[in-house]
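One structure below.
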Amino acid sequence: MAGLNFLHTPGPTFLPEEILNAMNRQPLDFGDERIAELVAGIQPDLQTLFQTRADVFIYIANGHGGWEATLSNICDPGDTVVIPMTGFFSSRWVEVARALGLEIIEVRSTDGHDVDYAAVEKILSEDRSHKIKAVLGTQIDTGAGVAHDIKRFRGCLDAAAHPALLVADCIASLGAAEFRMDEWGVDVAITGSQKALMMPPGLALVAANDKAKAIAAANVRPKLYWDWQARNSEIIYHRFCGTLPIHLLFGLRAALDLILEEGLERRIQRHQRVASAVQAAVAEWVKGGDMEFFVPEENCRSVSVTAIRVVSDNASAETIRKLARHQFNVSIAGGLASLENQIIRIGHLGVVNTPMILGCLGGLEATFEHLGVRYRSGLSAAAKVLSTPL
């Protein structure tokens, strides 16, 4: 197909030219002083991104690796964790925890809705022996497009006077939604390179504070690659447990430069505005009768991805997604697991700006026209939201 493909999945996301160009070079040897300068410069900027003074560990991994790294450090086999079930990715987090021999208390909520925070608090209050080691909360679950309040998880722990660690999955939110690790009382935070950081998949970033690192140091689980103690070294080779992901670090440096140049607060505002534009368009689409918001409560819809349930007799969710990609150069995501062929998901993460999101929405409306999906055009509503510059 001619022209630009509009990539609007919630990861991987569109890569800016600055990041592609930064990686388009030969590697450096490990003895080159520029390697040490690169790694040393990345650490404080990652702390700014997480809004923390905690150490940030860089793994060659995806988000699942970030989960396993965290749980391998803070939990021994047989330990108990609480996992509020928010969608597909919290379910996957359960699988990782189970594979590591952990006991899991699941707190279930209805698909497309917020977490039952009262149930989380009740579980913590009733755990008088403090067997629960951690609460694992997801800020944004991209599988459902639902946003959750990490501060409320801290409130649950504080109300119960419980010493468990608060672990935040920020894989789909860091750099797009407000996140303040230290201020919100988060002990461990996890993100990945392929979403709001505008990078290729391949890096998991885990920030761990002193409380979490002290617990990790006392644990007996055997580990090496994930081990925070082993990675907390002045020797760069040890900090990465082997060969550095040098080209991904070149890209990460460029990504952090772009984020800091834009300004974190302004960047969060841009993500919120683009998300509002998409959701204003979808609010018009649903009036046609063939679609509905998967997340009914407006305040729970995420800034990262918008999920739409397709209820048309003329086209399934997968038919829409495939035609949009092959015919109209717009790539969006589909549903996962039980939501397969039920929903479409529009990602609006990273470098997405006004013409990109209007192009995505226009391509989808062309898809609806072609397939006979009933909708009311939302382009004007989206343009109105975007009409005032930041």
Item to check | Only listed residue being within 30 Å of PRO27 (Cβ to Cβ) and in contact with a helix residue (DSSP H, G or I) (Cβ under 6 Å, 6 or more places away or on another chain), chosen from ALA255, ALA280 | outcome: ALA255
Item to check | Only one of GLY101, GLY145, GLY112 that is over 24 Å from the mean Cα position of the chain (by Cα) and on the phi > 0 side of the Ramachandran plot | outcome: GLY101
Item to check | Residues located in segment 1-26, provided they are at pLDDT 95 or above and farther than 20 Å from SER173 by Cβ | outcome: GLU17, GLU18, LEU20, ASN21, ALA22, MET23, ASN24, ARG25, GLN26
Item to check | Residue list for segment 116-147, filter: closer than 20 Å to VAL303 by Cβ and either among the charged types (D, E, K, R) or out of contact with any Asp or Glu (no Cβ under 8 Å at 6 or more places or on another chain) (or both) | outcome: ILE140, ASP141, THR142, GLY143, GLY145, ALA147
Item to check | Pick from segment 203-228, criterion of a type in the set (Val, Ile, Thr) and in contact with a strand residue (DSSP E or B) (Cβ under 9 Å, 6 or more places away or on another chain), ranking: surrounded by the fewest Cβ atoms within 10 Å (Cβ to Cβ) | outcome: ILE215
Checklist entry - Could you list, in sequence order, the residues of segment 356-373 that are part of a helix (DSSP H, G or I) and either in contact with a Lys or Arg (Cβ under 7 Å, 6 or more places away or on another chain) or of a type in the set (Gly, Ala, Ser) (or both)? => result GLY359, GLY362, GLY363, ALA366
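So how many residues does segment 219-238 have that are in contact (Cβ under 8 Å) with a residue 12 or more places away in the chain and either over 12 Å from LEU38 (Cβ atoms) or part of a loop (DSSP other than H, G, I, E, B) (or both)?
13
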Checklist entry - When segment 374-390 is examined, which residues are found to be among the small types (Gly, Ala, Ser) and in a loop (DSSP other than H, G, I, E, B)? => result SER377, GLY378, SER387
Item to check | Of residues in segment 20-73 being touching a residue at least 40 places away in the same chain (Cβ under 8 Å) and of a type in the set (Lys, Arg), the one farthest from GLY251 (Cα to Cα) | outcome: ARG53
Checklist entry - Do any strands (runs of 3 or more DSSP E) entirely within segment 266-349 hold 3 or more residues that are crowded, with 24+ Cβ neighbours inside 10 Å and in the same structural domain as GLU365 (by TED's automatic domain parsing), and if so, which? => result 305-310, 343-347
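The values are calculated or read from the model by the stated rules, or taken from the named source; none is laboratory data. Remember, it's a predicted structure, so these values are computed and weren't measured experimentally. Every residue, glycine among them, receives a Cβ derived from its backbone with ideal geometry; neighbour counts consider all protein chains shown.
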